[in-house]
Structure formats: C-alpha cells, structure tokens
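Let me begin by presenting the structure, written as structure tokens, before commenting on it.
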Amino acid sequence: MLFVANKMLCAMLIAALKIGFYQPIPHLSLNNHNQLENSMSAKLANAFSLRVNQVAQIESENLELKLLEVKSDSRCPSGVQCIWPGLVEIVIHVKTDNQAVELILIDQAGDANLASQTFDGYLIELVEVTPYSQKDQAIEIEDYSATLVVSGE
C-alpha cells in the first residue's frame with residue numbers, strides 16, 4: 001500500500017513540474033511588410049535547417065516545407081539542474097502536388113517517435129531545434145532554427 005502511495009506521489013510531482021516548466025511561445029504574426037519570406041533548396045535524405053517563416057523546396061519531389069512556428073520550448077536551460085529534460089514543439093506546413101497539411105513535431109529526450117511524421121509517402125524528421133535555452137536568457141522567435149530530414153518511406 002505504501003509503495004502505491006509513493007508511486008502516485010511521484011507521478012503527481014512529475015506532472016506538476018511539467019506544468020511548471022511549460023513556457024508557451026506566442027504565435028508569430030505573419031505580417032508581410034515586417035518579415036521577408038526566405039526560400040531555399042533542399043535535397044531528399046539530407047539535413048537542412050529552416051528559420052521561422054522560411055520555406056524549403058525539394059524540387060526533385062515537388063515538395064515544400066515551411067516552419068510556421070515554435071509552439072513551445074520547455075527544454076531545461078543550460079546551467080540549470082532539472083528533473084525533467086523538457087521538450088520543444090514546432091509546427092511545419094508541408095505541401096505536395098496532391099495535398100497540404102500542418103504537422104507538429106516534438107523533440108523530447110527519450111521519445112524519438114514524437115520527432116517524426118509521415119505525409120504523402122515521405123518521412124519528415126525533426127533532428128534538432130536551436131538555439132538551446134540558456135539560464136536567464138530569452139530566445140526571440142526569429143532566432144529559432146529547426147533542422148529537418150525528409151526521406152521517402
């Protein structure tokens with residue numbers, strides 16, 4: 001009985017800490033006159049990095065990806081001891097000839113399944129999100145960059 005109570009107490013403590021570390025990032029406004037949309041070429045099965053509102057085109061596949069936003073970043077900052085490593089969540093817009101969709105990719109230590117999604121015959125994987133947070137230092141939305149790899153299934 002004591003073991004079950006301790007186990008429940010630990011689960012509640014971890015849940016409370018997850019909520020406490022969650023820091024939502026405000027949705028970025030898509031204001032055309034304040035932000036220039038950049039475009040770049042990428043290759044299938046090669047890593048490439050996108051900044052918020054930047055578009056990558058994989059011309060050989062007629063595939064386009066755009067980093068829409070960093071939805072949340074609760075990763076434990078460098079220089080801080082945390083009991084939970086946190087996560088970073090991005091939203092990307094993916095478009096082919098046939099369809100378009102918004103995908104959420106999550107980089108969370110120990111769970112690689114959240115960092116990849118399939119769409120229209122492609123596997124889209126989140127490799128990393130930079131910069132990594134530092135103690136007492138805010139990250140501006142335009143400073144984020146997500147490294148992705150797209151491959152055929």
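Computed from the coordinates by the stated procedures, all read-outs in this text should not be read as laboratory data. Bear in mind the structure is a predicted one, so any value in this text is a computation, not a measurement. Ideal geometry is used to build each Cβ from the backbone, glycine not excepted, and the neighbour counts take in all protein chains shown.
Scanning segment 116-126 for residues that are in contact (Cβ under 8 Å) with a residue 12 or more places away in the chain and surrounded by 15 or more Cβ atoms within 10 Å (Cβ to Cβ) turns up Gln117, Phe119, Asp120, Tyr122, Ile124, Glu125, Leu126.
Could you check segment 76-92 and list, in sequence order, the residues that are farther than 16 Å from Glu140 by Cβ and free of Cβ contacts under 8 Å to residues at least 60 places away in the same chain? Answer for segment 76-92, where residues must be farther than 16 Å from Glu140 by Cβ and free of Cβ contacts under 8 Å to residues at least 60 places away in the same chain: Cys76, Ser78, Gly79, Val80, Gln81, Pro85, Leu87, Glu89, Val91, Ile92. Entry remark, segment 110-153: residues being over 12 Å from Asp73 (Cα atoms) and touching a Cys at 6+ places or on another chain (Cβ under 9 Å) number 0 in total. Among the residues that make up segment 58-72, is at least one of them within 21 Å of Ser41 (Cβ to Cβ), outside any strand (DSSP E or B) and touching a residue at least 40 places away in the same chain (Cβ under 8 Å)? So far as segment 58-72 goes, yes, one or more of its residues are within 21 Å of Ser41 (Cβ to Cβ), outside any strand (DSSP E or B) and touching a residue at least 40 places away in the same chain (Cβ under 8 Å).
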